[in-house]
Structure formats: structure tokens, C-alpha cells
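Working notes for the structure below.
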Amino acid sequence: MSAAPGDGRAEAWLRESAEFQRRLAAASAQLARLGPVEVGACARDAVYAEGKLVLWRYRSIAKPAGLPPLLLVYALVNRPYVLDLQPDRSLIRGLLEAGLDVWLIDWGYPDAGDRWLTLADYVTGYLERCVARVRPDGGSVNLVGVCQGGTFALAYAALEPARVANLVTMVTPVDFHTPENLLAKWVRGLDVDALVETFGNVPGEWLNAAFLQLMPFRLTLAKYLALVDAADDPAALASFLRMERWIFDSPDQAGEAFREFVVALYRDNRLVRGTWSIDGRRVDPRRLRMPILNVHATEDHLVPPSASLALRGIVGTADYTDLPVPGGHIGIYVGRRARELPGTVAGWLQERAPGRR
């Protein structure tokens with residue numbers, strides 16, 4: 001019902017609108033003054049490189065916990081620095097504070113020369129050689145996979161179980177056909193052959209735009225409305241800029257590996273069915289007999305909990321733990337609860353240290 005002249009509601013609306021415009025202008029001016037923001041809070045050293053890949057080792061900041069080295073495997077989409085965005089929002093810093101020896105695979109930015117890279121190149125090639133660099137003595141690592149990187153970690157651990165002491169999967173898709181999986185439904189509708197044949201490598205900007213359209217209000221309008229509330233908080237605005245930098249820092253996807261991933265997992269759901277093969281070797285989830293911690297985000301729109309929780313029913317280990325974490329797909333690393341997760345992971349690993357069980 002429209003406001004009647006003089007009833008005060010129209011005047012209140014005008015005041016609120018003017019205040020919103022003022023705060024929006026203040027936030028915009030403050031953002032302009034901030035300039036470029038830095039990402040990555042923890043000191044690290046590049047210890048191995050191959051193609052576009054760089055293997056990083058983070059410098060210790062606490063007394064060593066005496067556990068096997070921890071190797072982080074991130075997804076090919078977006079960049080892994082979201083795990084170390086800033087000092088108070090850093091999964092990696094929390095792991096270092098727990099005394100863990102932290103390594104990270106950075107897949108880099110594929111170009112036209114990487115068009116024919118396959119899943120075997122990533123899993124039994126790059127990932128296997130990184131494990132060998134982390135443990136040249138042939139020992140095992142604590143393997144932590146995030147999102148698509150978790151799917152890679154599952155595949156590697158199933159193929160080389162002796163090289164993985166403990167496996168941690170975070171927001172990892174396992175069953176790609178659960179009813180709540182909007183992303184999977186969208187991907188299954190793609191003509192992936194035509195896409196790859198047209199572009200070669202799949203443009204990161206194209207994929208990122210598609211991801212944003214899955215939840216357009218939350219991922220676009222709502223976050224910019226929240227920006228207005230931070231107009232007078234330079235630290236909050238800097239955090240906003242770091243997240244915006246990460247969101248739109250989208251590497252292209254090596255065409256053949258993208259095609260294989262879509263066909264094998266999004267279309268045919270071969271991981272959960274036990275029919276996935278990499279380089280002629282079957283990825284048998286029953287070979288996953290090492291302890292597994294499966295972390296899922298309760299409000300994840302990209303990898304809904306049902307897609308991750310399917311892991312329990314297909315693995316061969318009796319030492320399996322599901323860990324629900326309040327938040328979204330990325331929020332569990334950069335949200336207010338982000339500092340709790342690394343301590344939980346470190347404690348779980350400590351309980352399974354050699355000689356403790």
C-alpha cells in the first residue's frame with residue numbers, strides 16, 4: 001500500500017535512501033584510498049616447480065608437532081591463496097601454529113601449451129611427484145584436499161595408499177548426482193565436447209560467471225549491500241577487496257582434463273560407483289583404508305553436504321569421521337569461525353600420530 005502524504009513513511013524512506021547513498025559513497029571513496037591489497041600472510045619458499053606448478057613449503061612458526069608433513073591440494077578453479085588470505089583469516093596459519101609442516105601445491109595458470117593435460121597428468125603425474133618431493137625417503141604424508149583438490153586427493157590415495165598416512169577432505173564432491181547439487185545439474189547440461197573444441201582451454205572468466213549465477217542474490221547483490229555496512233571500517237573493506245580479488249582470479253582450465261572431469265564425474269558419477277579409472281588404473285574407494293576426516297560446509301551451495309557425505313558409504317576404512325562446519329563453501333576458511341577449523345584438523349591428526357593408536 002502506498003504511503004499517504006504526510007503519514008511519515010515517505011519521509012522515513014527518503015531519509016533511509018539518502019543515508020544509504022551517503023554510506024555507499026563513503027565506502028567507494030574508502031576503497032579507492034585503500035589501493036591494491038596484499039594476499040598471503042605466511043612466509044613460504046618455492047621448493048619445486050614443473051610446468052605451471054609450484055610446490056610451496058611454509059616456514060614454521062611453532063614447535064614442531066612431530067607429525068608427517070601435511071600436503072595441501074587445492075582445486076584447479078580459483079587460486080589457493082584463499083587458504084592464507086590474511087593473518088586473521090588463514091587456515092594455513094592455524095595449521096602452522098599447531099606445529100604442522102605445511103606444503104601447498106599451486107597449479108598456476110594453464111595456457112595454450114597445457115591444452116592436452118589429462119587427469120592422469122595432474123593426479124599420477126604432478127601430485128605424485130610433489131608427494132615424492134615432500135617425502136623423498138618414500139614415507140607417507142598427511143594429505144589434505146580441498147573441493148576438486150579433495151577429489152584428486154581421494155584418487156591419489158586410492159591408487160597409492162601407502163603414501164598417505166591420513167586423508168582430510170574438505171568440501172569435496174564425491175557423489176555428483178545428489179538432488180541438491182545445482183552445480184552438477186548445470187554442468188551435466190553442458191556440451192563439453194563443443195565447449196573444449198571451441199575454446200581449447202575453458203576460460204576461467206566464463207566459469208566464474210556461471211558459478212555466480214547459481215545464487216545471484218547472495219553472491220552479487222547481497223554482498224554489495226553488506227559492503228555499505230562496512231563503509232566506516234577500513235579493515236573490513238580491505239577484507240572485502242581481498243575476497244573480490246580472489247573471486248575474480250580464475251585460471252583457465254586445461255581443456256582435456258576439464259572434459260575428462262566432467263564426463264567421468266559430473267556425467268557418469270564414476271567415483272561413487274567405483275568405476276573411475278585414471279591412466280588405466282581403477283580408483284577403488286575400498287582401498288582408502290587410512291583414517292579419513294571428511295569436512296563439509298553446512299550451507300555449501302557448490303558442494304552440498306549430501307555430495308560430500310556419500311564418502312562414508314564407499315571407503316574401506318573403519319576410522320572415518322564426518323565434520324560439519326557452519327558456513328558456506330569458502331566461508332569455512334575466511335568467515336568468523338575460520339580459526340577453529342585448523343585446530344580441529346590438527347587435533348584429529350595428532351590423535352592419529354605414529355605410536356598414539
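The values are calculated or read from the model by the stated rules, or taken from the named source; none is laboratory data. All values reported here derive from a predicted model rather than from experimental measurement. For neighbour counting, all protein chains shown are included, and Cβ atoms are generated from backbone atoms with ideal geometry for every residue, glycine included.
Screening G327, G316 for residues that are touching a strand residue (DSSP E or B) at 6+ places or on another chain (Cβ under 6 Å), in a loop (DSSP other than H, G, I, E, B) and of a type outside the set (F, W, Y) leaves exactly one candidate, G327. So L72 ticks every box in (1) within 11 Å of the chain's Cα centre (by Cα); (2) assigned to a loop (DSSP other than H, G, I, E, B); (3) closer than 21 Å to A157 by Cβ but one. Which box is left unticked? Condition (2) is where L72 drops out. Scanning region 287-313 for residues that are more than 18 Å from the chain's Cα centre (by Cα), surrounded by fewer than 17 Cβ atoms within 10 Å (Cβ to Cβ) and assigned to a helix (DSSP H, G or I) turns up R287, R312, G313. The set of residues from region 96-128 being among the charged types (D, E, K, R) and not in a loop (DSSP other than H, G, I, E, B) comprises E97, D106, D114, D121, E128.
The single residue among A155, A162 that is assigned to a helix (DSSP H, G or I), among the aliphatic types (A, V, I, L, M), surrounded by fewer than 18 Cβ atoms within 10 Å (Cβ to Cβ) and over 16 Å from the mean Cα position of the chain (by Cα) turns out to be A162. A search for C-beta distances below 8 Å between a residue of region 318-329 that is within 14 Å of M290 (Cα to Cα) and any residue that is surrounded by fewer than 15 Cβ atoms within 10 Å (Cβ to Cβ), counting only pairs 6+ apart in sequence or on different chains, returns Y320/R312.
Considering region 271-286, and only residues there that are modelled with pLDDT of 95 or more, charged (D, E, K, R) and in contact with a Ser or Thr (Cβ under 8 Å, 6 or more places away or on another chain), the residue that is surrounded by the fewest Cβ atoms within 10 Å (Cβ to Cβ) turns out to be R282.
Selection over region 315-330 of residues that are under 19 Å from E180 (Cβ atoms) and of a type in the set (V, I, T) gives a count of 2.
Listed by position, the helices (runs of 4 or more DSSP H) enclosed by region 198-265 that each have at least 2 residues that are at pLDDT 70 or above are 204-212, 234-247, 255-261.
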